[in-house]
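Following: one structure in structure tokens, then a few remarks.
The values are calculated or read from the model by the stated rules, or taken from the named source; none is laboratory data. Because the structure is a prediction, the values reported are computed rather than measured. The accessibility values were calculated without ligands, DNA or RNA, using every heavy atom of the protein model including side chains. Shrake-Rupley method; radii C 1.70, N 1.55, O 1.52, S 1.80 Å.
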Amino acid sequence: MATDRLKTGETNPRGIPEAKFIENIDDFINPKTCTDADVTNFLNELQMRLEQYKFMEESKRNALANLEKKIPDIQNTLTMCEFMKHKRDNQDDEEEDVKQLTVDYQLNDTIYATANIPTENCDNVCLWLGANVMLEYPIEEAIAMLTDRLEKTQKSKEITLEDLDYLRSNITTMEVNTARVYNWDVQRRKALKAKESQA
């Protein structure tokens with residue numbers, strides 16, 4: 001298969017193939033026997049590989065935006081659960097008028113509501129899990145689950161940023177390859193014209 005000549009056999013840990021830097025174009029296209037169609041086909045191969053990297057980059061950017069939105073939500077939920085657990089565990093130290101929490105919470109982007117929560121009832125919390133699903137958890141279990149989810153989401157963000165750097169490097173390599181092949185072809189055509197005009 002023609003596109004195999006652009007593979008190095010190397011990938012990153014997520015299986016994204018490494019872009020091959022073309023040091024010597026003559027190893028890919030014989031200048032003595034190549035036609036304009038051969039060069040065009042090779043430029044198309046390079047362009048197709050470049051588009052694949054750009055598609056992967058766009059996908060990773062979307063994933064990163066999603067993770068950057070999730071992390072603050074998880075952190076805020078975890079902080080609130082830890083705060084409620086702290087209030088419940090220190091119930092005896094509280095004065096009578098502080099045994100109730102008054103909190104404002106977000107219903108949607110522009111609407112907030114106020115709730116009064118008796119701190120002695122902070123044994124369970126209800127968490128939105130997505131897709132219109134809410135589950136009730138014991139507060140300790142909720143804190144453990146949210147802590148685990150936060151760690152995994154932050155790790156996913158690190159991996160996504162790593163992949164984006166890797167893809168940017170590969171995109172640059174493919175852009176340089178394309179420019180070098182294009183310039184090589186311009187020189188080849190000039191040499192052919194000069195040869196034809198001498199004949």
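Here are some notes:
- Summed over the residues of region 61-145 and divided among them, the accessible surface reaches 70 Å² per residue at a probe radius of 1.4 Å.
- Area projected by the alpha carbon convex hull of the chain, averaged over all directions, nm²: 17.5 nm²
- P(r) histogram, all alpha-carbon pairs of region 1-90 included - 10 Å bins from 0, percent: 13, 27, 19, 14, 11, 8, 5, 2, 0
- Span from the region 113-172 Cα centroid across to the region 71-87 one, whole angstrom: 10 Å
- Selected from Thr40, Thr114, Thr102 as most flexible by GNM, with the chain as the system and alpha-carbon contacts under 10 Å: Thr114
- Based on DSSP H segments of at least four residues, each scored -39500 (n - 2.57), the chain has a per-residue ellipticity at 222 nm of -21500 deg cm²/dmol.
- Only protein heavy atoms count here; under a 1.4 Å probe, Val186 has an accessible surface of about 50 Å².
- Solvent-accessible area of the chain (1.4 angstrom probe, protein heavy atoms only): carbon and sulfur portion equals 50 percent.
- Protein-only accessible surface order, largest first, of Phe42, Phe83, Phe55 at 1.4 Å: Phe55, Phe83, Phe42
- Note on the chain: with a GNM built from Cα contacts shorter than 10 Å, the maximum mean-square fluctuation among Asp26, Asp163, Asp104 falls on Asp104.
- For the chain, the longest principal axis of the C-alpha atoms and the axis of helix 139-198 are separated by about 10°.
- Cross-link partners of Lys155 among lysines (Cα-Cα below 16 Å; sequence separation of 8 or more within a chain): Lys60, Lys69, Lys70
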